[in-house]
Amino acid sequence: MDQPVHDDENCGQGFFEQYLEISQLAGSLAHEIKNPLSVIRMNMDLLTEDLSDAESPREHRLLNKVQVVQSQCQRLQTLLDDFLKLVHVRKMDLKAGSLNEQVERVLDFITPKATEAGIGVNRYLDPDLPSILMDAARLYAALLNLVLNAVEATGAGSTIEARTRLTPAGVALDLIDNGCGMEQPMAIHMFEPFYTTKEHGSGLGLPIARRIIEAHGGRIAVQTEVGRGTQFTLEFPMPARLTGRGDPE
């Protein structure tokens with residue numbers, strides 16, 4: 001006789017299906033909003049062209065109002081783009097790859113900006129770090145978001161450190177800055193969608209980064225203290241077995 005399915009299993013499956021349905025509806029709604037928003041932006045651009053030679057005080061006031069609408073349209077566009085990234089983080093195209101390589105790519109990209117701001121960038125990457133399964137493009141995007149946050153949280157004379165290391169279950173990356181740090185209430189909410197302290201932030205960068213890391217089977221933790229800085233720790237599992245070609249069997 002077949003064993004009965006427990007109510008909690010039914011509940012869990014129902015919740016997952018409901019989540020997928022809501023996620024799909026939210027993604028469709030965001031796409032539908034983008035279409036009229038594009039029309040509004042196009043017409044605002046045309047109005048700006050018409051008012052580019054504004055001379056009278058009235059025309060200048062109209063131009064200022066149009067520019068306000070343009071800036072808000074751009075903010076909505078950014079919000080929708082980030083939201084769609086969050087919704088679409090589902091199945092990863094996972095292949096064996098080097099975490100060190102992705103960290104190096106991110107740091108190479110960000111170092112000129114950090115140097116210009118007087119921020120030092122230090123790398124302590126374990127050369128013997130084993131491969132992990134990754135979607136290289138999405139993992140790069142998540143790491144870039146975290147490092148950009150670190151740059152924005154520090155100032156001249158500060159440093160950002162990236163350390164990779166082996167753990168009992170896989171590999172880890174520590175991203176450490178000695179910037180301003182965060183109050184605990186902020187740290188508690190930082191991975192919640194739409195929570196942001198930035199004037200023009202969408203509040204989706206860190207939630208997207210967390211979902212990408214979790215989609216790799218990993219996890220992210222944060223330690224922070226006001227006046228001392230912040231440390232993000234990312235942990236990823238190692239494939240059970242890799243062939244000589246670096247591909248999982």
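Quick notes on this structure:
- Residue within the stretch 191-214 that is crowded, with 20+ Cβ neighbours inside 10 Å, farther than 24 Å from Asp93 by Cβ, touching a helix residue (DSSP H, G or I) at 6+ places or on another chain (Cβ under 9 Å) and modelled with pLDDT under 85 present: yes
- Selection within the stretch 215-235: residues that are small (Gly, Ala, Ser) and farther than 20 Å from Ser158 by Cα. The member of this set that is modelled with the lowest pLDDT is Ala215.
- Of Thr164, Thr115, Thr159, all but one fail to be free of Cβ contacts under 8 Å to residues at least 40 places away in the same chain and under 22 Å from Arg228 (Cα atoms); the exception is Thr115.
- Residues located in the stretch 146-167, provided they are surrounded by fewer than 19 Cβ atoms within 10 Å (Cβ to Cβ) and within 18 Å of Asn100 (Cα to Cα): Leu148, Glu161, Arg163, Arg165, Leu166, Thr167
- Residue count, the stretch 98-149 (criterion: in a helix (DSSP H, G or I) and not β-branched (Val, Ile, Thr)): 26
- Flag for Ser56 being of a type in the set (Gly, Ala, Ser) and at pLDDT 60 or above: yes
The values are calculated or read from the model by the stated rules, or taken from the named source; none is laboratory data. The structure presented is a predicted model; accordingly, all values stated were derived computationally and were not measured. Here the Cβ is made from the backbone with ideal geometry for all residues, glycine too, and neighbour counts use every protein chain on show.
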